[in-house]
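Just below is one structure, and these are the notes that go with it.
The values are calculated or read from the model by the stated rules, or taken from the named source; none is laboratory data. Since we're looking at a predicted model, the values are computed, not measured. Every residue, glycine as well, gets a Cβ built from its backbone with ideal geometry; the counts of neighbours run over all protein chains shown.
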Amino acid sequence: MPSSPTLVLRHWSFVISAAATLALPTFAHAQRYQLRDGTILQAADVTLGSGALVQQVALPGGGSFERRFQLADVIRLDFPEPEALDEARRLVIAGKGAEALALVEPVVRQFAPFPRLPGSHWPRAAQLRLEALLLGTDNAAISSAARELMQSGLGPEITGVAKLALAQLDARAGRESLANVMLEEIVREAPPAIQARAWLLRGELAAARASHAEALESFLRIPAFFGTIDELMPAALLGAARAYRGFGDNGRAERSALELIDTYPDTLQAATARREFQL
Amino acid sequence: MPSPRRPSGSSRHIRLPVALVAMAMAGASLSAQIPQIPIPNLLAEVEQHLSARNPGNAVGILDEVVKRAQAGEALPPGVNLERLLLTAANANFQTQQYPRAAELAQALERVPSVGSGALNEARMIRGLSLALQQQYAEAIPVFRAAEDSPTFRDKAMLYGAMSANQAGQIPVAIETYNRLLATSARDRDWADAALSLVDLHLRAGNTADARRGLALLRGQLDLVDNIAGLNLLSLQLGDVLMRGGDNAGALAAFRNISSRDVLIAEQRARIAGMERALERLRALPRPSATEADSIRRINARLEQAKASLAQVEQISGFDATLRYRLAFTFQERGGVWEAALLYEDLIANFPESTERENAFFGLIRAYADAGRFDRVRDSVERFTRAFPNSKFGPQALYLAALAAGQRNDIQGQLTFLGLASERFGGATELAEAMSLMRANAFFTLTRFAEAKEVVVAYMRDFPQGQFIEEARYLAAMADLAEGRASESERQIRDYLRDFPEGRFVADARYRLAAAAYAKGDFKLCLELSDKWLADFPQEHPQRGEIHSLRADALAGLGRIEEAIMAYHEALNLPLSDEQLGYVLDELTRHYQSRREFDAAVAMWEQFAAERPDHPYVINAAYWISRIRNREGRFEEAIDLVSTIIRRYVTDPSRGDVERLLVEIANTLGRPPRARRGEPRPEPVANEVLFARVDQLILAGEARRNPTAQARALFTQSEIAAIRKDDRLRDQLLGQIASRFAPDQLPPGILGKVGDALLTQGQPELARRFYEEIITSHPRSVFADFGYVGLGEIALLEGNGDEALARFNAAIDVAGARFKLKEATLGRARANILLGRLDSARALLEEVAANRAWRGEATAEALFLLGEIALRRGTPEDLARAQAHFQRVYLSYRRFPVWVARAYLRSAETFERLGQTQEAITTINRFHTFRELERFPEWQQAAALKPRLEARLPAGVVVPADPNAPLTVNLPTSS
């Protein structure tokens, strides 16, 4: 086995000095739109109208007039990420789809006119909306949200998320072969995070068929190949524990369940494992 | 230190410096004669240079002002020495005049009236100046002192830590970074510092701290600009931990590393982000001091990130090496499925990787450890194709064989050993170990002759081998198992002579005692047992076995009282379940023969109380029930047995419950006893008994449980069988078949239901029940029901090979506890079907000779022996066949199906012998038994008769009454 490389960190050449500049920088987030001509519009000064940002300009002598800035001229957004998104993420992980949806929908609407602009929070919000919807049973809404993401042209990751949702819908409807076609495409082409989700779904489909070895090989791809994607680990470990049990390897089943409970104690999957494996 | 050069400036200022230089050269005496430029003017000029960001032009002037001020010249209002020194130090620092800057800063630190703000600023300048002159050790205390300043604390700690690192004072550096990280805001600089700290911990061998640091950073990935550095550190940490044997820690580190493409993409995205930020800041028309500092910080992080990225890009086979490390550590931690996935990926996607050969070896081990032996075979094939000369080949197969053995897949073990022998022959250092393993495997599979053959070859090939002792003993045991007792005994004695301190001495001496018992020499057996007990320690695991053997010897000598005591001594020692069952059964037998029923019951009750969860609790209930029944204490027996039944009635895996159900059925279904002087009472109605069964078995939750319900029906069917109501019995078993899925039924019931269905001519339905037994309950005592049933179905289908395999498995695999007779007869039938008449005849003679099997099996065996002889067709064989057929119809009238067949065949045999009259007489005798009319042979015989009669000489008439004398009607003379 070749030895690992040695990393050299920090060199004095990077330290340039000036006593006057030793203070730590502070950052403050603005909320503003940047236009093609360099104009910066503070979000507080404009409202979102039909196809334009609308600014009310007060006249010194009283009265006001409207200035309209075409949305097509906005080239960048500079908004802090809405806290609602992080909260929605937590709710999705906790399996509370409806609550997450209530938080994320307004963000989706707010950034909907700028889905592809740098600085827009629409992509993350729309993904979270889809994930929240997938926790429920409104298949039409799921399908619509997935197709909206696919059409957004936001790159392979977003498209992969949408394809995965459609595969899940197929799986729910019992169209396993269709789901598998989509999953095959995802594991071949999608970015790693989406591939990992596809393997999870494959594991679930195999487990439903009681193909325990196939389920195990699918679930265990997550720790083996996608170890940096921590958020998928609880589902993978629970799936693996169940598949081990189905395969007849109760020792490894219990070990997988224990690893889940020890490492991710506050997850839904850990609670399920405690109940199912009486740990 | 070089003198600061006087900066150039406007023409107004040029003259004055020249004058100053002239003054300096002329000496101090001239000083009173040449007027000096007033300090306020000089300071104004300094101000002008600094405002124009030309500190280089200001340093000379500031030096002059400082000297004059230090000499006592008054400074203008609003300017003090403290401020002057600070500005001078700062200006020198900015123009990289570090020695002078440090000197000025130190001078300021010594000013008694210096305020804390200026003092700490001076410390920072001096610390940095020292560090930039590589005087790191001197800089450390200066930065430490500057930590007093709330303004500079974080910077002072950061630079202090860096200085300590450069000075080789790693513990000081670590301690300083720790303080910094504990108090500073969690921003990108914090993450950068944390990365440095992890690096230091790694270099200092503090792997636990390095792990904690990396875990912390993993939780703050958004702040880490140098993601490539983070991954490289994880790789380093993993390697350190792996080398130290901490595979769990190593795995955790490796799992956090992204694949090369992902990592490069991520790092490039972060670099682009930093460059964008820099661009934005540089575009600002008048950056503030804070913004200028941000530029410098981002620049520093950017350079580091680029350097780390370059390192990742240079590592060849980054992904392959990561895969291998992950797989190895997963495997070492027992994650064999994950390891197999990773090895497979490495083998498939990195054909040039140097780790590929190792990966194959790991893959075979991983599949073997996971018990996926089909994959082992496949990967061995691929491995030997890819690396035909790999030194790991035999090792991989050896480990696979070992793993198969550990999982009791002995057949698989033999396959791997065979592959190793085929691929690598004896030219491997593992050949010796594999040879002995092979012998052991054969022995375990009860293929004793092959075991002996292999072990003899071992002794020939490795006379001084490391396993020679094991080989010698194994050879003796193989002979013993093959029935060559005296040969075995001789080898055991030789073994004891050659290995007096050997591993198997205790067992060898036990075997000699057992051999004496087997030869009926109970006295010698007793002597050897007593000597064994005297020679080996109390805690020896075979001690219980020896007491049991000693008890057998005492019983053989008729010393039953002592035998009972010896059995009890055995019971108090560790015994295998099989031995325990034997001792308990022997004790029960002796107690019963001595009519000490209470003692037997007390023994079993004590056993059940002491070991309530032991499988033999059911044996206890069985025996207590039998004894109580024998004493006429039926209700007591029923209470006890039903209590035990209810404990396990819902569990289909507790197959021995059926034994108790049969016992309950026997108790309930027996004919009522008549009291002396009273008429025999009427039998209790089935309905009443069946209700009692439900009440006894289906209590509480069990009422809704399918397994319990099936067991109640089974008990009722047994009652029907005891009452000889076969129709009701079959109806009840049919109900079980139609109401419950095979997987809800215990193996005993599966077997009975399967047999009933087969008898009723439903082989396909029966097959499901038999297959359930051998797939779900292969170790059940009823497993032979499954194999025999499937063998019978194969016979019906005319598949002799499969039938023979099934019947063999019933005996070899399942032990044929209930169906040895049927299995033996089945083997004979299968051999006949396959045309192996000699083998069939040997088996049939075995059946016919077995007194315990006397009955229909004997009738069938005799009939089939007759059939075999008939097929051979010589006059002797025909005479022999005739004898068999006659024996059947004369001695086994209770089995009309065989009687009918035997009569027909007997007549046919007479016909072939040319004894036509005897043939006709036989048919006539056959036809006197009207109850045989229902069999097809009746009509066949009737059809044969006219043909025979036509052959009679004219005038000979065979009377219809077979007992009437034969008459010859002589023809009347014409």
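Summary table
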{"item": "Filter result (surrounded by fewer than 22 Cβ atoms within 10 Å (Cβ to Cβ) and either in contact with a strand residue (DSSP E or B) (Cβ under 8 Å, 6 or more places away or on another chain) or closer than 19 Å to B:TRP898 by Cα (or both)) within the stretch B:849-877", "result": "B:ALA849, B:ASN850, B:ARG851, B:TRP853, B:ARG854, B:GLY855, B:GLU856, B:ALA857, B:GLU867, B:ILE868, B:LEU870, B:ARG871"}
{"item": "Test: residue in the stretch B:680-689 that is under 24 Å from B:GLU792 (Cβ atoms) and touching a residue at least 12 places away in the same chain (Cβ under 8 Å)", "result": "no"}
{"item": "Residues within the stretch B:707-727 that are surrounded by fewer than 16 Cβ atoms within 10 Å (Cβ to Cβ) and in a helix (DSSP H, G or I), tallied", "result": "2"}
{"item": "Flag for B:ALA191 being among the small types (Gly, Ala, Ser) and closer than 30 Å to B:PHE330 by Cβ", "result": "yes"}
{"item": "Residue in the stretch A:227-242 that is surrounded by the fewest Cβ atoms within 10 Å (Cβ to Cβ), counting only those that are within 17 Å of B:ALA340 (Cβ to Cβ) and at the interface with another protein chain (Cβ under 9 Å from one of its Cβ atoms)", "result": "A:GLY227"}
{"item": "Every residue from the stretch B:170-200 that is away from chain A (no Cβ under 12 Å), more than 24 Å from B:SER294 (Cβ to Cβ) and either surrounded by fewer than 18 Cβ atoms within 10 Å (Cβ to Cβ) or within 45 Å of the chain's Cα centre (by Cα) (or both)", "result": "B:ILE170, B:PRO171, B:ILE174, B:GLU175, B:ASN178"}
{"item": "Near pairs, Cβ below 7 angstrom, 6+ apart or cross-chain, from the stretch B:366-386 (within 13 Å of another protein chain (Cβ to nearest Cβ)) to any residue that is outside any helix (DSSP H, G or I)", "result": "B:GLY371/B:ARG407; B:PHE373/B:ASP409"}
{"item": "Odd one out for B:LEU302 among (1) touching a residue at least 40 places away in the same chain (Cβ under 8 Å); (2) of a type in the set (A, V, I, L, M); (3) more than 10 Å from every other protein chain (Cβ to nearest Cβ)", "result": "(3)"}
{"item": "Positions within the stretch B:456-485 being touching an Asp or Glu at 6+ places or on another chain (Cβ under 9 Å) and either more than 15 Å from B:ALA515 (Cα to Cα) or among the polar types (S, T, N, Q) (or both), in sequence order", "result": "B:TYR458, B:ASP461, B:PHE462, B:GLY465, B:GLN466, B:PHE467, B:GLU469, B:ARG472, B:TYR473"}
{"item": "Flag if B:PHE634 is touching a His at 6+ places or on another chain (Cβ under 9 Å) and either among the aromatic types (Phe, Trp, Tyr) or buried (at least 21 other Cβ atoms within 10 Å of the Cβ) (or both)", "result": "no"}
{"item": "Among the candidates B:LEU790, B:LEU864, residue that is among the hydrophobic types (A, V, I, L, M, F, W, C) and over 34 Å from the mean Cα position of the chain (by Cα)", "result": "B:LEU864"}
{"item": "So A:ASP262, is it without any contact (Cβ under 8 Å) to a residue 12 or more places away in the chain and closer than 21 Å to A:ALA94 by Cα", "result": "yes"}
{"item": "Any hit, the stretch B:233-248, residues being free of Cβ contacts under 8 Å to residues at least 12 places away in the same chain, within 48 Å of the chain's Cα centre (by Cα) and on the phi > 0 side of the Ramachandran plot", "result": "yes"}
{"item": "Candidate set: the stretch B:680-695, residues that are loosely packed, with under 13 Cβ neighbours inside 10 Å and modelled with pLDDT of 80 or more; chosen: the one farthest from B:GLN716 (Cα to Cα)", "result": "B:PRO681"}
{"item": "Flag if B:GLY393 is modelled with pLDDT under 85 and outside any loop (DSSP other than H, G, I, E, B)", "result": "yes"}
{"item": "Sole residue being at pLDDT 90 or above, surrounded by fewer than 18 Cβ atoms within 10 Å (Cβ to Cβ) and charged (D, E, K, R), chosen from B:ARG282, B:ARG268", "result": "B:ARG268"}
{"item": "Residue match in the stretch B:212-231 (condition: closer than 15 Å to B:LEU326 by Cα, under 35 Å from the mean Cα position of the chain (by Cα) and in contact (Cβ under 8 Å) with a residue 12 or more places away in the chain)", "result": "yes"}
{"item": "Scan of the stretch B:655-699 for residues that are under 19 Å from B:LYS752 (Cα atoms), of a type in the set (A, V, I, L, M) and in a loop (DSSP other than H, G, I, E, B), ordered by number", "result": "none"}
{"item": "Members of the stretch B:315-347 found to be within 9 Å of chain A (Cβ to nearest Cβ) and either among the acidic types (Asp, Glu) or under 20 Å from A:VAL187 (Cα atoms) (or both), listed by number", "result": "B:ARG323, B:TRP337, B:GLU338, B:ALA339, B:ALA340, B:LEU341, B:LEU342, B:ASP345"}
{"item": "Among the residues listed as B:ILE347, B:ILE298, the single one being within 16 Å of B:SER379 (Cβ to Cβ) and in a helix (DSSP H, G or I)", "result": "B:ILE347"}
{"item": "Test: residue in the stretch B:766-776 that is modelled with pLDDT under 90 and more than 28 Å from B:ILE645 (Cβ to Cβ)", "result": "no"}
{"item": "Residue match in the stretch A:62-70 (condition: within 14 Å of chain B (Cβ to nearest Cβ), more than 28 Å from the chain's Cα centre (by Cα) and either within 30 Å of B:ASN120 (Cα to Cα) or at pLDDT 90 or above (or both))", "result": "no"}
{"item": "Leading residue by the ranking (farthest from the chain's Cα centre (by Cα)) among those in the stretch A:183-210 that are within 14 Å of chain B (Cβ to nearest Cβ) and either under 23 Å from B:ARG375 (Cα atoms) or charged (D, E, K, R) (or both)", "result": "A:ALA210"}
{"item": "Selection status of B:ARG630, in contact (Cβ under 8 Å) with a residue 24 or more places away in the chain and within 22 Å of B:TYR591 (Cα to Cα)", "result": "yes"}
{"item": "Yes/no for B:ALA74 being under 60 Å from the mean Cα position of the chain (by Cα) and either surrounded by fewer than 19 Cβ atoms within 10 Å (Cβ to Cβ) or not in a helix (DSSP H, G or I) (or both)", "result": "no"}
{"item": "Any strands (runs of 3 or more DSSP E) falling wholly within the stretch A:49-106 and containing at least 1 residues that are closer than 30 Å to A:LEU134 by Cβ and in contact with a Leu (Cβ under 8 Å, 6 or more places away or on another chain)", "result": "A:74-78"}
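This table checks each residue for (1) within 23 Å of B:PHE935 (Cβ to Cβ); (2) among the aromatic types (Phe, Trp, Tyr).
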residue	(1), (2)
B:THR874	no, no
B:ALA883	yes, no
B:GLN886	yes, no
B:TYR892	yes, yes
B:TRP898	yes, yes
B:ARG901	yes, no
B:LEU904	yes, no
B:THR909	yes, no
B:ARG912	yes, no
